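Report on one structure; see the data block that follows.
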């Protein structure tokens with residue numbers, strides 16, 4: 001029944017969650033989990049994998065990161081340990097790519113690379129679900145934030161949007177921190193462009209969140225360390241911002 005509910009165009013997420021809870025309990029009672037030493041049938045393994053895959057996708061739909069991580073921890077047994085015993089799942093690389101993006105969105109770069117090393121080189125290069133998060137990580141390390149923001153319109157699956165949005169928020173906050181260090185005040189249009197925001201109202205909302213004060217068309221930063229009033233050209237600041245961001249990456 002969970003397959004039928006999940007396969008609907010607009011599945012009832014609450015109902016799916018209830019069914020998944022029941023199915024997970026059933027899974028723990030059966031002797032065919034990968035941790036068991038008992039002999040298992042291919043069909044039993046496929047059923048278990050299907051349930052976990054629905055669970056991982058349901059977690060994305062309900063924006064539940066801890067739940068997604070729990071399902072992925074179990075799924076990796078099927079994808080990696082049982083890969084020679086089972087036909088490959090159509091969702092395998094989509095979910096493994098989502099797992100990479102999940103780690104990147106939380107700035108867990110070391111874990112990102114550990115997970116990446118488990119995947120075949122061919123898939124890393126040619127599989128769009130894997131190459132996308134790999135490109136994102138490269139853009140971040142280069143400080144090519146414009147490419148990170150442009151990537152939002154080019155995700156390999158709608159399910160990638162959730163973690164992409166978290167990643168963009170993280171990047172925007174890092175840029176804002178750098179701007180605060182480099183500047184005492186900055187014009188509205190400049191900060192809108194530098195934070196990759198689309199409209200002044202978005203900038204105003206973001207400024208409120210960070211405690212910036214607005215005077216005419218300029219934002220004043222409430223920093224403890226006061227800077228000189230020298231006006232730094234925006235181009236210089238952009239370069240400086242990238243420099244700060246790289247330093248932050250190294251510190252983290």
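The values are calculated or read from the model by the stated rules, or taken from the named source; none is laboratory data. Because the structure is predicted, anything quoted here is derived from the model rather than measured. All Cβ positions, even for glycine, are placed from backbone atoms using ideal geometry, and neighbour counts span all protein chains on display.
Details
- Looking at 85, 64, just one residue is over 18 Å from the mean Cα position of the chain (by Cα) and either touching a residue at least 40 places away in the same chain (Cβ under 8 Å) or under 25 Å from residue 105 (Cα atoms) (or both), and that residue is 85.
- Apart from one condition, residue 133 fits all of (1) surrounded by 20 or more Cβ atoms within 10 Å (Cβ to Cβ); (2) closer than 30 Å to residue 57 by Cα; (3) in contact (Cβ under 8 Å) with a residue 40 or more places away in the chain; the exception is (3).
- In the range 91-112, the residues that are in contact (Cβ under 8 Å) with a residue 40 or more places away in the chain, more than 9 Å from the chain's Cα centre (by Cα) and closer than 18 Å to residue 129 by Cβ: 94, 95, 97
- Index of the failed condition, residue 224 passing every other in (1) surrounded by 14 or more Cβ atoms within 10 Å (Cβ to Cβ); (2) farther than 17 Å from residue 140 by Cα; (3) at pLDDT 55 or above; (4) more than 23 Å from the chain's Cα centre (by Cα): (1)
- For the condition within 29 Å of residue 64 (Cα to Cα), modelled with pLDDT of 90 or more, surrounded by 15 or more Cβ atoms within 10 Å (Cβ to Cβ) and within 25 Å of the chain's Cα centre (by Cα), residue 205 does not qualify.
- Qualifying residue in the range 174-186 (condition: touching a helix residue (DSSP H, G or I) at 6+ places or on another chain (Cβ under 9 Å), within 21 Å of residue 100 (Cα to Cα) and surrounded by 14 or more Cβ atoms within 10 Å (Cβ to Cβ)): yes
- Scanning the range 63-86 for residues that are in a loop (DSSP other than H, G, I, E, B) and at pLDDT 90 or above turns up 63, 64.
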